[in-house]
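K.L.:
Can you read through this structure? Questions will come right after.
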Amino acid sequence: MAESLRLDPKQTALVLIDLQRGILQRQTGPHSASDVLARCARLAKQFRVAGAPVVLVNVSYSPTGEDRLSQPTDAPLMGSPDPGWDELSPELGRSDRDILITKRQWGAFYGTALDLHLRRRGIRTIVLGGIATNFGVESTARDAYERSYALVFVEDAMAGITAEAHTFAITTIFPRIGRVRSSEDVLGSLVSKRGD
């Protein structure tokens with residue numbers, strides 16, 4: 001049985017990956033993109049109420065695409081993105097206190113100020129959600145783990161390109177670098193901690 005979760009809002013940040021127009025239009029599994037977005041929006045609202053930082057991460061490139069990774073691969077992920085594909089969903093809401101991070105690759109740490117933002121706020125635990133589980137979320141999580149952050153993965157607030165890819169990350173990778181919980185578990189842990 002998993003240990004009960006206790007999250008201190010003063011040391012915990014919610015990091016939401018790639019909940020943007022071009023990615024939310026994709027087919028995902030086992031949770032639909034719309035369900036993931038709704039759960040992430042609910043988490044963001046509660047984290048803001050608790051006074052915990054909310055980090056909204058999107059992926060974007062320059063108009064010429066010169067800052068995109070372009071190594072040869074067997075399975076390129078996407079062609080030229082449509083205009084506006086990188087716009088974060090308005091359903092996430094927005095606070096002046098939110099941290100906005102734009103990345104140029106899968107992970108949210110490399111080449112960004114994410115680590116600096118979190119450390120200056122005294123963050124020790126990162127709660128992760130977003131799309132896709134085994135790309136942006138996993139890449140960010142591996143980097144966070146190597147930087148000694150404690151990790152909480154919100155299983156029903158993320159989805160993979162396929163249900164199988166999501167399940168592999170949730171059952172094989174994430175339990176080795178953090179704790180996997182439901183959105184209800186996370187919401188309950190913040191409310192109880194705030195009331196202490």
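K.L.:
Only one of (1) at positive phi; (2) buried (at least 18 other Cβ atoms within 10 Å of the Cβ); (3) of a type outside the set (Ser, Thr, Tyr) fails for residue 122. Which number is that?
P.N.:
(2)
K.L.:
So, in segment 147-174, of the ones that are touching a helix residue (DSSP H, G or I) at 6+ places or on another chain (Cβ under 9 Å) and of a type in the set (Asp, Glu), which residue ends up surrounded by the most Cβ atoms within 10 Å (Cβ to Cβ)?
P.N.:
The extreme case among them is 155.
K.L.:
So, one more: Quick one: in segment 137-146, of everything that is among the small types (Gly, Ala, Ser) and under 19 Å from residue 171 (Cβ atoms), which residue is surrounded by the most Cβ atoms within 10 Å (Cβ to Cβ)?
P.N.:
Among those that are among the small types (Gly, Ala, Ser) and under 19 Å from residue 171 (Cβ atoms), it is 141.
K.L.:
Now a separate question. Would you point out which residue out of 75, 2 is modelled with pLDDT under 95, surrounded by fewer than 12 Cβ atoms within 10 Å (Cβ to Cβ), over 16 Å from the mean Cα position of the chain (by Cα) and closer than 21 Å to residue 156 by Cα?
P.N.:
Values: 75 fails: closer than 21 Å to residue 156 by Cα.
Just a single option satisfies the conditions, and that option is 2.
K.L.:
Here's something else I'd like to know. Which one of these does residue 142 not meet: (1) among the charged types (D, E, K, R); (2) within 24 Å of residue 41 (Cβ to Cβ); (3) within 14 Å of the chain's Cα centre (by Cα)?
P.N.:
Unmet condition: (2).
K.L.:
Among the numbered criteria (1) assigned to a helix (DSSP H, G or I); (2) at pLDDT 95 or above, which one does residue 8 miss?
P.N.:
Unmet condition: (1).
K.L.:
Scan segment 167-181 residue by residue and report those that are farther than 20 Å from residue 28 by Cβ and part of a helix (DSSP H, G or I).
P.N.:
175, 176, 177
K.L.:
A further question on this structure: Go through (1) in contact with a Phe, Trp or Tyr (Cβ under 8 Å, 6 or more places away or on another chain); (2) crowded, with 16+ Cβ neighbours inside 10 Å and name the single condition residue 132 misses.
P.N.:
Tallying (1) in contact with a Phe, Trp or Tyr (Cβ under 8 Å, 6 or more places away or on another chain); (2) crowded, with 16+ Cβ neighbours inside 10 Å, residue 132 fails exactly one: (1).
K.L.:
Here are the criteria: (1) touching a Ser or Thr at 6+ places or on another chain (Cβ under 7 Å); (2) of a type in the set (A, V, I, L, M); (3) modelled with pLDDT under 95. Tell me which single one residue 24 does not satisfy.
P.N.:
Of everything listed in (1) touching a Ser or Thr at 6+ places or on another chain (Cβ under 7 Å); (2) of a type in the set (A, V, I, L, M); (3) modelled with pLDDT under 95, residue 24 misses just condition (3).
K.L.:
Still on this model: Against the definition (assigned to a helix (DSSP H, G or I), out of contact with any Lys or Arg (no Cβ under 6 Å at 6 or more places or on another chain), among the acidic types (Asp, Glu) and closer than 22 Å to residue 49 by Cβ), how does residue 184 come out, yes or no?
P.N.:
Details: assigned to a helix (DSSP H, G or I): yes; out of contact with any Lys or Arg (no Cβ under 6 Å at 6 or more places or on another chain): yes; among the acidic types (Asp, Glu): yes; closer than 22 Å to residue 49 by Cβ: yes.
Yes, satisfied.
K.L.:
Going by the conditions given, is residue 49 surrounded by fewer than 20 Cβ atoms within 10 Å (Cβ to Cβ) and among the aliphatic types (A, V, I, L, M)?
P.N.:
Yes: the conditions hold for residue 49.
K.L.:
Shifting gears a bit: Check whether at least one residue in segment 102-113 is surrounded by 14 or more Cβ atoms within 10 Å (Cβ to Cβ) and within 20 Å of residue 32 (Cβ to Cβ), and report yes or no.
P.N.:
no
The values are calculated or read from the model by the stated rules, or taken from the named source; none is laboratory data. Since we're looking at a predicted model, the values are computed, not measured. Neighbour counts are summed over all protein chains in view; Cβ atoms, including those assigned to glycine, are modelled from backbone coordinates with ideal geometry.
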